[in-house]
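**Student:** Mind having a look at this structure? Questions to follow.
The values are calculated or read from the model by the stated rules, or taken from the named source; none is laboratory data. For clarity, every value in this text was computed on a predicted model and none was experimentally measured. FYI the Cβ positions are ideal-geometry reconstructions off the backbone, even for glycines, and counts take in every protein chain you see.
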Amino acid sequence: MIDHKIRHFQYKIAEVLYLFTFTIIIASIKFLESTNNKANYAIIIFFLIFIILKFSIDDNFFSSKILSYYLLFQSQNIFIAYINSSAYDILIFMSMIGLLLFSVILYDKKYLMVHIVVTGVLTYVYFTKFDPKEVFLFLISLPFIFITSLNFNKIYIILRNLITELSITDEMTGLLNQSGFMKKIEEEFYRSQRYQKTFSVLMIDSDNLKLINDTYGHKYGSMVIKSIAEVIKTNIRRTDFAARYGGDEFILCLVETDLDGAIEVAERIRKQFELKSFFTKDEKKFTITLSIGVSNYPKSGDSLMDVIELADKAMYQSKNSGKNKTSFLLKN
């Protein structure tokens with residue numbers, strides 16, 4: 001009897017934790033939209049959702065009942081499930097990051113709740129009878145159900161966009177990664193081609209970063225890479241975009257910028273970074289420079305790959321002619 005009471009108490013604690021966790025997620029939406037540090041904040045959100053889903057599919061907890069209430073009272077419906085007294089499961093349509101929710105039209109008032117159970121690759125809804133003893137819990141859950149029903153679609157969209165953003169973002173610098181950059185520059189290339197616009201590409205590489213890594217350690221090499229990214233961010237417009245292309249190499253797309261304008265931006269970045277000083281933990285000072293290559297569409301090539309390749313070749317031309325320079329190449 002004592003064990004039963006303890007177990008019942010544990011269930012109630014689980015219910016409270018579930019509601020509290022769900023409330024935190026909902027209350028966090030505005031902050032998630034405004035924060036610049038989305039990557040770290042997303043980890044917290046995903047962790048909280050993991051807790052909710054664990055409670056929801058674990059037979060040892062009754063917290064799935066709360067989610068059941070939400071499913072029943074969700075206001076922005078996508079799918080409708082008809083229940084009869086003999087039915088016991090319905091397939092939930094899954095997406096990459098969660099459930100596409102549905103409402104329930106009741107045939108039998110005894111069946112007021114659904115439980116989510118994951119079986120292999122399929123997820124089913126199991127119907128259970130309503131326990132009158134749960135009325136109080138149901139009533140105190142209503143405000144949470146209402147708030148959630150207004151915000152869940154918004155949470156879904158934000159998390160979906162966040163996953164997309166994280167998949168194309170370089171973790172160290174916050175810039176795009178190579179795949180994210182290529183997707184955006186392809187769109188810019190087709191736009192420029194269609195409307196006869198121009199754009200320029202900058203390829204940037206640090207000079208002698210390997211020496212810094214070997215002398216002071218990779219910690220300071222990473223410090224340099226982050227610093228390059230910050231200088232780039234402060235010298236491009238909102239319409240421009242940049243990526244960490246790999247290692248200590250960066251690539252920029254300057255939208256609707258001609259060759260002269262691109263060279264001006266490149267020189268501004270190069271000179272600003274040249275003035276930066278770095279210090280080790282024992283106060284040893286070191287500096288590092290950048291070699292930059294510039295190309296332009298359509299002056300450097302008629303295809304996107306030609307433009308990128310010429311920017312890369314121009315960058316190596318800067319390195320081979322003494323480093324700490326900006327060079328440009330045009331098509332023959």
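**Student:** Only one of (1) part of a helix (DSSP H, G or I); (2) buried (at least 20 other Cβ atoms within 10 Å of the Cβ); (3) polar (S, T, N, Q) fails for Gln317. Which number is that?
**Tutor:** With (1) part of a helix (DSSP H, G or I); (2) buried (at least 20 other Cβ atoms within 10 Å of the Cβ); (3) polar (S, T, N, Q) applied to Gln317, the lone miss is (2).
**Student:** Can you tell me which condition Val255 does not meet? The list is (1) farther than 20 Å from Thr287 by Cα; (2) out of contact with any Asp or Glu (no Cβ under 7 Å at 6 or more places or on another chain), and all the others hold.
**Tutor:** That leaves (2) as the condition not met.
**Student:** Being in the same structural domain as Lys299 (by TED's automatic domain parsing) and touching a Phe, Trp or Tyr at 6+ places or on another chain (Cβ under 6 Å) is the requirement here; does Ile185 meet it?
**Tutor:** Considered against the rule, which asks whether it is in the same structural domain as Lys299 (by TED's automatic domain parsing) and touching a Phe, Trp or Tyr at 6+ places or on another chain (Cβ under 6 Å), Ile185 comes out as no.
Here is a yes/no grid of residues against (1) in a loop (DSSP other than H, G, I, E, B); (2) within 21 Å of Gln196 (Cα to Cα); (3) among the hydrophobic types (A, V, I, L, M, F, W, C):
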site	(1), (2), (3)
Gly261	no, yes, no
Ile269	no, no, yes
Phe273	no, no, yes
Asp282	yes, no, no
Asp306	no, yes, no
Ala311	no, yes, yes
Lys323	yes, no, no
Asn332	yes, yes, no
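**Student:** Go through region 236-249 and report how many residues are over 20 Å from the mean Cα position of the chain (by Cα), modelled with pLDDT of 95 or more and surrounded by 17 or more Cβ atoms within 10 Å (Cβ to Cβ).
**Tutor:** Final tally of qualifying residues: 2.
**Student:** I need every pair where a residue in region 292-310 that is in contact (Cβ under 8 Å) with a residue 12 or more places away in the chain has its Cβ under 7 Å from the Cβ of a residue that is among the acidic types (Asp, Glu), sequence separation at least 6 or different chains.
**Tutor:** Within 7 Å, the pairs are Gly293/Asp312; Asn296/Asp258; Ser300/Asp306; Leu304/Glu186.
**Student:** Yes or no: region 232-243 includes at least one residue that is assigned to a strand (DSSP E or B), among the aromatic types (Phe, Trp, Tyr), under 24 Å from Lys183 (Cα atoms) and touching a residue at least 24 places away in the same chain (Cβ under 8 Å).
**Tutor:** Yes; the residues of region 232-243 include at least one that is assigned to a strand (DSSP E or B), among the aromatic types (Phe, Trp, Tyr), under 24 Å from Lys183 (Cα atoms) and touching a residue at least 24 places away in the same chain (Cβ under 8 Å).
**Student:** Within the bounds of region 287-294, is there any residue that is under 20 Å from Thr198 (Cα atoms), part of a strand (DSSP E or B) and of a type in the set (A, V, I, L, M)?
**Tutor:** Yes - at least one qualifying residue is present in region 287-294.
**Student:** Let me confirm something: among Ile225, Ile212, Ile185, which residue is part of a helix (DSSP H, G or I), in contact (Cβ under 8 Å) with a residue 24 or more places away in the chain and in contact with a Cys (Cβ under 9 Å, 6 or more places away or on another chain)?
**Tutor:** Answer to the selection: Ile185.
**Student:** Now for a different question. Here are some residues: Glu256, Glu274, Glu267. Which one is among the acidic types (Asp, Glu), in contact (Cβ under 8 Å) with a residue 12 or more places away in the chain and surrounded by 16 or more Cβ atoms within 10 Å (Cβ to Cβ)?
**Tutor:** Glu256
**Student:** Taking into account only those residues within region 235-268 that are among the polar types (S, T, N, Q) and touching a helix residue (DSSP H, G or I) at 6+ places or on another chain (Cβ under 8 Å), which is nearest to Ala314 (Cα to Cα)?
**Tutor:** Thr257
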